[in-house]
Structures are given as structure tokens and as C-alpha cells.
Amino acid sequence: MRGRNIVQLLRAVDLLSQPGGSTINRMSEALDIDRRSVYRLLDIIQALGFPVYDDIQEMGREKLWKMDADYVLKLPNITLPDVRLNLSEILALHLLRTEASIYAGTEIEARIEAAFSKLALFTPKDFQDRIGKLKTLFVSSGKLTKDYTGKEEIIDTLARAMLNQKTCVISYFSFVDETLKRFRVDPLHFFESSGGLYLFVRATRFGDIRILAVERIESLEELGDSFDYPGDFDPNAKLSMAFDMVYDDPMELEVVFSPGQAKYIRERRFSPSQEIIDNPDGSVTLKMSTSGWFDVKKWLLGFGAEAVVVRPVKLRDEMIEEMEAALERYVK
């Protein structure tokens, strides 16, 4: 269960937790699903162990469905900032928790567990036992994730430097020339990609924005120098521009995917500018503006004969060369 289904589940919990509960018709309208799907959601919520019951109304009135009042979260009467969480918000946090496999085996994972232990103090009785059933809905594989054991102090220092806008000196192992380099950076943002933790930095010597892999940072020192955040830098726009991790000259990409791959291409969002065209033979043509020549080529090579590059012509020629070289190695 992912994406839209999870949103529907959380909204359904919200509706059931209202003082007056909700009817099937109201839930159907609010969630934009049919009545049958509403009943399926109720079955899932009850299967998770949450006490949902139907409240019989007077003759002629529609039945109400409610969450047991004892399970609708209420903080004790203590002085705290207004951080009250409702049931659906707690569910959302636990779903997010399953995505933290990138930190498996590190002190960060221990801190995540400690945070949820504290959160348990503000949840209803037996809630933590029942919340374990969420694992049957949503699991996250740690396969191919990078190992950040021993990098916790570096991550902490980077986070502090980002918040305080402090320049740092780092020692970084470059895969390009396999050397350890030491230089000054202004750390801007963390982001996750394909099981790895990366960060945007501004190289102070040249003023350009770069991407660094956290696991390749050998050492880090926060300096006393402050920096101003670059006003013309939009990390979300930067991430949407590239196909994966490499940012270079933009390209207009056009690829034809076979009928067998068409359904998988249709359900993906590769670029904000993408256009997917259905062809008479069942294939699809994907057109988009992107960048990251190496990443795009590596991705397309994975499709083998199921993808044919139309343009750029240079990329098409490189694909042919790569496949011919691979064939030559296979038939030796």
C-alpha cells in the first residue's frame, strides 16, 4: 500500500475519529472512492486492530461508523507547546519510519527509535502493540542502501552547519581521480537518492553548486565563518532538472518503448516536462527535457531492445556503440 492508498487510509481514520463519526456515503464523497472501496478501507483499519464500530441510528437514518473514543488521541493536561498529534498523523509518522532503512545500523537509527519511544507516551493504551501491524501494509527494503555506520558525527555537524549557515572544511574522496581532496564548502541541503544520502554544497572557491556523497566525506570541520544562502538556488528545481544525480547540459530526449514496457512507462513521472504518446502498435514515445547524459544512457541501456532512442542523435549513436561492444564481449 503506497501513495494514494495510504492517503485514503489516513483520511479515513480522520473521518472516523471525528466526534460524530462518518457515514459510508460521506466517506465515499470525501475520499473520492466508491462505497465498496470504503468498506475495504474499514476492513483494513479493523484488521490493524483499531476499534471501529457502527452506530445504529434511528430508522431511516444512515448508519454512522466511529472510532472508539478511547482511541482518539488526547494529550494529558500538561503544559507543552501545541504539538498534539491525532491518530492519522501518528500513523503517517510510523509509515515514514519504515522508510528510514538508509540509516540501518547507525546511531541515527537508534535516535529514531528513541524518538518513537517518547512518542509512545502520548498514544492510547496498547497502541504500540497494534501499530506493529503497519508492517503488513508497508515495508521498505534495505537492499542496495549505502552504509553510514560511523558517519553520524559528520551528519550531525553538517546539519548544525546548515541550520547556522556556517562554512565547513571537508576532506572528500573523489571517485573521478581517486584522490582525497580538502576544500571549503557552504552546506545547503541533504537529499536522498537510490538508497544514498547526498548533499548540495556551494564550493566557496568557485561559487558553484555541487553534489557530494556523504559516505565519501572522510572528515569535516565547522568554521566560524557564516555564509548567506544563495538566493538564486532552488534545490527542488535542481533535482527535477536532472534525470538522476548528474547535472550537465540540458537535452531534449525522445525514446520509443516497446508495448511490453509501455504500461510501466505510463505510470512513472520522469520529468515535469514529460509527454507520453501512445503509438498504434501499443508502444509509447516518451519525450522530455532533462539532463545527466551518463545517467540517462545507463538507464536506457537497462531496457536492452525494449527502448529505442530517437533523439538526441548523438545519444542514439552512443547506444548503438555500447550495445555492439557488449555483444562483442558476449560472443567472444
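The values are calculated or read from the model by the stated rules, or taken from the named source; none is laboratory data. Here the structure is a predicted model, which is why all the values come from computation and not from measurement. Cβ coordinates were reconstructed from backbone atoms using ideal geometry, including for glycine residues, and neighbour counts include every protein chain displayed.
Among residues of the range 14-25 that are touching a residue at least 60 places away in the same chain (Cβ under 8 Å) and assigned by TED's automatic domain parsing to the domain that holds TYR53, those with a beta-carbon under 6 Å from a residue that is in a loop (DSSP other than H, G, I, E, B) and among the hydrophobic types (A, V, I, L, M, F, W, C) at least six positions away or on a different chain give the pairs SER17/VAL72. Among the residues of the range 5-29, the ones that are in contact with a strand residue (DSSP E or B) (Cβ under 8 Å, 6 or more places away or on another chain), of a type in the set (Val, Ile, Thr) and assigned to a helix (DSSP H, G or I) come to 2 in all. None of VAL185, VAL201 is at pLDDT 90 or above, in contact with a Leu (Cβ under 7 Å, 6 or more places away or on another chain) and hydrophobic (A, V, I, L, M, F, W, C) except VAL201.
With respect to the stated conditions, MET288 is among the hydrophobic types (A, V, I, L, M, F, W, C) and in contact with a Leu (Cβ under 7 Å, 6 or more places away or on another chain). Restricted to the range 222-236, and to residues that are of a type outside the set (Asp, Glu) and either in contact (Cβ under 8 Å) with a residue 24 or more places away in the chain or in contact with a Gly (Cβ under 8 Å, 6 or more places away or on another chain) (or both), which residue is surrounded by the fewest Cβ atoms within 10 Å (Cβ to Cβ)? Filtering first and then ranking leaves GLY224. Considering the range 251-275, and only residues there that are in a strand (DSSP E or B) and touching a helix residue (DSSP H, G or I) at 6+ places or on another chain (Cβ under 8 Å), the residue that is farthest from GLY302 (Cα to Cα) turns out to be MET251. Restricting attention to the range 262-321, the residues that are among the polar types (S, T, N, Q) and crowded, with 17+ Cβ neighbours inside 10 Å add up to 5. Can you pull out every residue in the range 276-297 that is in a strand (DSSP E or B) and closer than 19 Å to ARG316 by Cβ? Correct list: ILE277, VAL284, THR285, LEU286, LYS287, MET288, SER289, THR290. Among the residues of the range 192-221, those that are surrounded by fewer than 16 Cβ atoms within 10 Å (Cβ to Cβ) and in a strand (DSSP E or B) comprise GLU192, SER193, ALA203, ARG210, GLU218, SER219, GLU221. Please work out which one of (1) modelled with pLDDT of 85 or more; (2) under 30 Å from HIS189 (Cα atoms); (3) surrounded by fewer than 16 Cβ atoms within 10 Å (Cβ to Cβ); (4) hydrophobic (A, V, I, L, M, F, W, C) is the condition LEU253 fails and give its number. Of the numbered conditions (1) modelled with pLDDT of 85 or more; (2) under 30 Å from HIS189 (Cα atoms); (3) surrounded by fewer than 16 Cβ atoms within 10 Å (Cβ to Cβ); (4) hydrophobic (A, V, I, L, M, F, W, C), the odd one out for LEU253 is (3). Residues of the range 30-39 being surrounded by 12 or more Cβ atoms within 10 Å (Cβ to Cβ) and not in a loop (DSSP other than H, G, I, E, B), which ones? Of everything in the range 30-39, those that are surrounded by 12 or more Cβ atoms within 10 Å (Cβ to Cβ) and not in a loop (DSSP other than H, G, I, E, B) turn out to be ALA30, LEU31, SER37, VAL38, TYR39.
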